[in-house]
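The values are calculated or read from the model by the stated rules, or taken from the named source; none is laboratory data. All figures in this text were calculated on a predicted structure; none of them were measured in a lab. Counting neighbours? That spans all protein chains shown, and the Cβs are built from the backbone with ideal geometry, glycine included. In case anyone asks, the SASA skips ligands and DNA or RNA and just uses the protein heavy atoms, side chains included. Shrake-Rupley method; radii C 1.70, N 1.55, O 1.52, S 1.80 Å.
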Amino acid sequence: MAIGGSTEEQALARLSDMTGGIEGIGKDEHASRIAKAQAFMRAQGIAAVYLNAGTNLAYFTGMRWYPSERMVGAILPAEGGVEYIAPAFEEGTLNGFMKIPGPVNCWQEHENPYALFVAVLRRMGVAAGSRVGLDESTPFFIADGIRQQESGYVLENAKQVTAHCRMRKSAAEIALMQRAKDMTLEVHKAAASILREGITTAEVTAFIDRAHRKAGASGSYFCIVLFGEASAYPHGVNYEQELKKGDVVLIDTGCKFKDYISDITRTYVYGEPTERQRAVWNAEKAAQQAAFEAAQLGVPCGDVDRAARASLEAAGFGPGYALPGLPHRTGHGIGMDIHEWPYLVGSDDTPLDVGMCFSNEPMICVPGEFGIRHEDHFYMTEKGPRWFTQPAHSIDNPFA
């Protein structure tokens with residue numbers, strides 16, 4: 001796909017809905033996730049876990065409910081069925097969203113939901129002194145409200161349970177992520193084709209949202225568009241830019257498809273690259289490949305980060321987080337959340353295992369000049385790492 005030369009209408013016409021022929025996560029998989037969590041909880045001596053509205057509630061029960069100032073969630077016991085807790089006026093709506101059936105324990109607006117939570121635990125047979133996990137996204141006000149009940153429960157972070165289950169993706173999850181990433185890669189190609197001198201970052205961002213919609217998503221989940229010197233800032237700047245000949249173009253975007261997220265970055269030059277731009281672009285590509293090759297089963301996540309940094313240091317960048325060089329971790333896990341465990345960072349000793357999914361983006365930032373980030377994702381198979389999307393081919397033809 002050429003960089004420039006198309007109108008927005010021509011680029012959109014080349015896109016089509018890519019969402020057909022693939023189902024979302026079904027009830028059976030939600031049930032198997034609950035069973036896996038319960039087996040782990042029993043092995044670890046955790047009596048129950050509270051799943052707050054948000055990603056963890058959706059992951060285990062299939063219920064999509066956004067967190068708010070009211071306590072809405074589910075209690076997952078180590079033994080027995082899931083039970084829900086919600087305001088009484090939401091009971092009908094909650095039942096409509098329910099995929100994994102269970103009683104709904106309701107509280108009226110003037111009542112204390114945290115006292116109800118403790119009462120439900122006791123009725124479920126969770127004895128005082130038991131360990132009760134609160135999922136890591138639970139707001140402080142809920143955790144504090146439960147603590148004030150002085151129930152005798154040992155409250156702790158349930159991350160060990162949620163991460164244990166969520167960090168290893170099933171074949172169905174990987175298929176959904178693959179489709180989302182395929183959609184975003186086509187959007188990247190379309191975005192590159194509409195570039196012209198004078199186009200603004202805001203115009204490109206708006207086009208990318210339209211393009212994601214044409215591909216079947218609800219729009220962009222996020223979008224970062226940077227030109228020239230602004231591309232040296234990993235998460236962008238607070239001002240709009242206009243494209244000029246010779247500018248580095250960095251576009252980082254993604255969409256959500258049936259709860260699973262894509263996140264791909266492409267960086268190239270509008271016009272003829274300089275030797276400096278070409279050298280840094282190639283050093284970034286080498287670092288991304290070094291990280292990929294280091295990602296073998298059983299290897300600690302931190303070793304992947306170290307491999308990318310070693311490649312960059314050999315090319316004259318760094319050392320460590322020093323600039324010009326890589327100022328952040330090499331990658332993050334991804335799934336229903338755009339950033340989730342484990343992480344490709346030196347402090348993460350988690351061994352790579354089948355089903356783990358990661359971004360691979362050892363960005364090179366050159367302050368005052370430009371930044372180069374190649375971001376593709378890979379997942380671990382029984383034979384090692386496998387790309388979701390193939391890395392950029394060359395600075396002259398990134399989408400070959």
For this session: Hey, can you tell me all the residues within region 369-400 that are under 21 Å from E313 (Cβ atoms) and not hydrophobic (A, V, I, L, M, F, W, C)?
Result: E369, G371, R373, H374, E375, P391
Problem set entry | Neighbours by Cβ (under 7 Å, 6+ apart or cross-chain): first from region 293-308, under 16 Å from P319 (Cα atoms); second among the basic types (K, R) | D305/R329
Problem set entry | The listed residue being open to solvent by 30 Å² or more (accessible area, probe 1.4 Å) and in contact with a His (Cβ under 8 Å, 6 or more places away or on another chain), out of F40, F89, F60 | F40
Seminar exercise, completed: When every residue in region 309-329 that is part of a helix (DSSP H, G or I) and without any contact (Cβ under 8 Å) to a residue 24 or more places away in the chain is compared, the one nearest to D349 (Cα to Cα) is A310
For this session: For region 297-308, name all the residues that are part of a loop (DSSP other than H, G, I, E, B) and in contact with an Asp or Glu (Cβ under 9 Å, 6 or more places away or on another chain).
Result: L297, G298
Exercise. Are there any pairs, at least 6 apart or on different chains, whose C-beta atoms fall under 8 Å, with the first in region 226-240 and more than 13 Å from T267 (Cα to Cα) and the second polar (S, T, N, Q), and if so, which?
Worked result: E240/T200; E240/T201
Seminar exercise, completed: With criteria (1) under 22 Å from W341 (Cα atoms); (2) among the hydroxyl-bearing types (S, T, Y); (3) out of contact with any strand residue (DSSP E or B) (no Cβ under 7 Å at 6 or more places or on another chain); (4) crowded, with 19+ Cβ neighbours inside 10 Å, S170 comes up short on (4)
Problem set entry | Failed item in (1) of a type in the set (V, I, T); (2) under 27 Å from K159 (Cβ atoms); (3) under 21 Å from the mean Cα position of the chain (by Cα), with T389 passing the rest | (2)
For this session: Hey, could you check region 108-125 for residues that are in a loop (DSSP other than H, G, I, E, B) and in contact with a strand residue (DSSP E or B) (Cβ under 7 Å, 6 or more places away or on another chain) and say which is surrounded by the most Cβ atoms within 10 Å (Cβ to Cβ)?
Result: M124
For this session: Restrict the check to region 253-261 and report whether at least one residue is touching a strand residue (DSSP E or B) at 6+ places or on another chain (Cβ under 8 Å) and either within 27 Å of K383 (Cα to Cα) or open to solvent by 20 Å² or more (accessible area, probe 1.4 Å) (or both).
Result: yes
Exercise. Just to be sure, is L323 crowded, with 18+ Cβ neighbours inside 10 Å, farther than 26 Å from M183 by Cα and of a type outside the set (F, W, Y)?
Worked result: no
Exercise. So which residues in region 189-214 are open to solvent by 30 Å² or more (accessible area, probe 1.4 Å) and farther than 14 Å from V249 by Cβ?
Worked result: A202, A206, D209, R210, R213, K214
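Let's see how each residue does on (1) over 27 Å from S170 (Cα atoms); (2) open to solvent by less than 30 Å² (accessible area, probe 1.4 Å):
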residue	(1), (2)
Y270	yes, yes
R278	yes, no
A291	no, yes
A294	no, yes
L297	no, no
D305	no, yes
A310	yes, no
Exercise. Any residue in region 170-188 that is free of Cβ contacts under 8 Å to residues at least 24 places away in the same chain and within 31 Å of the chain's Cα centre (by Cα)?
Worked result: yes
